[in-house]
Amino acid sequence: MPHVLLSRRAFVASGLAAAIGAMLGATRFRRPACDHGAGRSDHGPHPTPRPGIDASHVLKAEQLKDAALAIPAFDEVRQIPEIIDGIRCHCGCATDKKRYSLLSCYEGDGMAKDCHICQGQARMAFRLHQAGKSLAEIREAIDAKYD
Amino acid sequence: MRTANFAFALTAALAIALTGASTRAGAQTLNASEPATVSQVVDGTKVTVEYSRPRARGRTGLFGSEVTFGHVWTPGANQSTTLAVSKDVSINGHPVAKGKYSVWMVVAPGDWELVLDHDTTLYHTNGPSRRPGQVRFMIPKEHHPFTEVLTWSFPVVGTSGMVLTMQWDTVSVPLAIKVTPTFTTAVPPEAAQRVVGTYHWHDAPSASGNGAAPPGDSASRHASAFTVRYTGRELHATLDPPLFGDPAYGEYILIRKAGDLYSLGRVDRGELIEVIDYATLQFSPANGRPKSFEVRGTDDALWANGAIAP
């Protein structure tokens, strides 16, 4: 590896860059505040997508003013409700009989706006759907990551 | 006169009321042996001891006198001490099934015998005789500086278990508890060969969302060599330079979840100390050979990616 003589300015700049990078890295590599006991959800089958299901009840951006960071997840769910409705949520809420599928987390009280697991599953489903994966393949990938 | 009588009556009434109030509010709660609970979790298994804490109060040489040899004694006071384990464990190598037990020790000049009984309602004077269903085995005791108040504690905590210790007078009784692990580090060779190699690791920009990191931006991102090797049926990985420039974030064990999906186990000075379960490492081999990977958080955000070094 070649040795490089740094000017005082470059040395300070590199030190600041390293410090900032460390801070950003430290922020990222931290357990999310919303964990809901990830990987500890009750095991159960994925639901069958309901015929004619749509995104009409998915919360809109104007309803998510206090959770702006979650808006992309809700936007992606709005594009593939028939897929999201075929996924069992792994955050632990699936034991609530009122919640039929992962889609339910994006309707009503919109609990997904505060839950990284709900968001992660939906965004993963969207990403894999964009890559041409089937619902069965998406379910398998989500189970592997979140079980 | 009437005013003075009234003032006296009012004062008396207030005094009676206050005395009554303090009596009603201050029910007697001072115990000779106060209750206590200690608890420790390791890898999802919770171990809890509930007991009352007797004090020596000037007494010494308790074992062999106050607590006679051969006595089936609960290490506590009042109700029997209880031990609850949320999952199957082993104690000093002996299997103990998930559940709650009353704890007894048969005191002797040499090693003692630990007795775990399923009846958790026994009073300290009612030590159980030998009966089916009990867990019983010999336990060593150690000499320890004098401890005034009987104390249960967890002085040692590791990634595969803990040491639970009872101390009173000059006696210490350590119990080595091993928990049922929630993960395995073993990886079959056919899975390992799909991922072994040296990769270029790049942190994704923080604003990447869940898309791929933009090309041509590597100068501003942390870049490391990520070397994965197969040793003793385990996948070990080194990140050089390590995250945050800290050697404690440079060594890992890959814990297989399914297929080519792994969790990262952080290794510090040769010991697995943490399973980073809020991120996963997805390898994407090509034709069964290592090619690339992505690290994503619980929210599916891209944290890092990389490709096999040419």
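The values are calculated or read from the model by the stated rules, or taken from the named source; none is laboratory data. Here the structure is a predicted model, which means the values were calculated and not measured. Don't worry about glycine lacking a Cβ; one is built from the backbone with ideal geometry, like all the others, and counts go over all protein chains shown. Each accessible area value is taken on the protein alone, full model and side chains, heavy atoms only, with ligands, DNA and RNA left out. Shrake-Rupley method; radii C 1.70, N 1.55, O 1.52, S 1.80 Å.
When the chain is fully extended, how far beyond the present Cα-Cα distance does B:Ala32 get from B:Glu190, taking 0.36 nm per residue of separation?
On the way: separation 158, 0.36 × 158 = 56.88 nm, distance 6.35 nm.
Contour length minus Cα-Cα distance gives 50.5 nm.
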- Note on the structure: Interchain or sequence-distant (5+) residues whose placed amide H lies within less than 5 Å of the amide H of B:Asp268 are B:Ile273
- Task: Per residue of segment B:54-69, in order, report the coupling 6.51 cos²θ - 1.76 cosθ + 1.60 (Karplus, θ = phi - 60°) as ³J(HN,Hα) in whole Hz, putting x for Gly and Pro.
- Result: x, 10, 5, 6, x, 8, 10, x, 4, 8, x, 10, 4, 10, 6, 4
- Query: Given H placed 1.01 Å from N in the peptide plane, which residues other than close sequence neighbours of B:Tyr199 have an amide H under 5 Å from its amide H?
  - Reply: B:Phe226, B:Thr227, B:Val228, B:Ala309
- Message: Give me the residues in segment B:232-272 whose solvent-accessible area, probe 1.4 Å, is reduced by at least 50 Å² once all protein chains are included instead of the chain isolated.
- Response: B:Phe244
- Phi-derived 3J(HN,Hα) across segment B:36-43 with the Karplus relation (6.51, -1.76, 1.60, θ = phi - 60°), rounded Hz, x for Gly and Pro, is 8, 9, 10, 8, 8, 10, 9, 6
- Message: Starting from the 7 Å offset along Cα-to-Cβ, what nm value, one decimal, do you get for the label separation of B:Arg55 and A:Ala61?
- Response: 6.7
- Query: At a 1.4 Å probe, what is the % contribution of carbon and sulfur to the accessible area of segment B:61-206?
  - Reply: 57
- Within a Cβ distance under 14 Å of A:Pro81, other residues only, what is the Lys/Arg minus Asp/Glu net charge? -3
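Please work out how much length the chain gains when fully extended from B:Val163 to B:Ser90, using 0.36 nm per residue of separation minus the C-alpha to C-alpha distance, in nm with one decimal.
Details: separation 73, 0.36 × 73 = 26.28 nm, distance 1.14 nm.
Going from the current span to full extension adds 25.1 nm.
Quick one: which of A:48-61, B:241-254 comes out on top by average Cβ neighbours within 10 Å, and what's the full order, highest first? Spell out each step's value before the answer.
Working: A:48-61: 13.6, B:241-254: 17.6.
Listed from highest to lowest mean packing, they are B:241-254, A:48-61.
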- Item | Nearest-0.05 FRET efficiency for A:Asp147 and B:Leu62, computed from C-beta distance (R0 45 Å) | 0.30
- Note on the structure: Relative to chain B, whose Cα atoms define the longest principal axis, helix B:2-25 and its Cα axis are tilted in degrees, nearest 10, by 50
- Task: Could you list, in their original order, any pairs among A:Lys60/A:Lys98; A:Lys145/B:Lys87; B:Lys46/B:Lys141; A:Lys65/B:Lys257; B:Lys46/B:Lys257 whose Cα atoms are separated by more than 27 Å?
- Result: A:Lys65/B:Lys257
- Item | segment A:45-56 - phi-based ³J(HN,Hα) in whole Hz, Karplus 6.51/-1.76/1.60, Gly and Pro as x | x, 6, x, 7, x, 6, x, x, 4, 9, 9, 5
- Message: With every protein chain left in place and a probe of 1.4 Å, what is the accessible surface of B:His202, to the nearest 10 Å²?
- Response: 50
- Under 17 Å from the Cα of A:Lys133, which aspartates and glutamates turn up, not counting those fewer than eight places away in the same chain? A:Glu76, A:Glu82, A:Asp85, A:Asp143, B:Asp260, B:Asp300
- Note on the structure: Once amide hydrogens are built 1.01 Å from N within the peptide plane, the residues lying 5 or more places from B:Ser292 or on another chain with amide H under 5 Å from its amide H are B:Ser284, B:Ile308
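Return the average number of partner chain Cβ atoms within 10 angstrom of each residue Cβ along peptide B:296-308. Intermediate values should be presented prior to the final figure.
Details: counts 5, 7, 17, 15, 16, 6, 1, 3, 3, 0, 0, 0, 0.
Per residue, the average neighbour count from other chains is 6.
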- For B:Ser39 and B:Val72 in the same chain, what is the full-extension length gain: residue separation times 0.36 nm, less their Cα-Cα distance, in nm? 9.5 nm
- Note on the structure: Within segment B:50-92, the residues whose backbone N lies under 15 Å from a label point placed 7 Å from the Cα of B:Phe137 along the Cα-to-Cβ direction are B:88-92
- Förster radius 25 Å - calculated FRET efficiency between B:Tyr123 and B:Val156 (Cβ-Cβ, nearest 0.05): 0.20
- Task: Could you provide, to the nearest whole Å², the per residue accessible area of segment B:228-298 with probe 1.4 Å?
- Result: 44
- Message: Tell me whether chain B comes out rounded, prolate or oblate; compute the Cα gyration tensor, take square roots of the eigenvalues as a ≥ b ≥ c, and use a/c under 1.5 as the rounded threshold.
- Response: oblate
- Message: Cβ neighbours within 10 Å, averaged per peptide: list A:118-128, B:138-148, B:103-113, B:72-82 in order, most packed at the top.
- Response: A:118-128, B:72-82, B:103-113, B:138-148
- Counting Lys and Arg as +1 and Asp and Glu as -1 over every other residue whose Cβ sits under 12 Å from the Cβ of B:Lys141, the net charge comes to -4
- Modelled label-to-label distance, B:Ala286 and B:Thr238, 7 Å Cα→beta-carbon offset: nm? 2.7
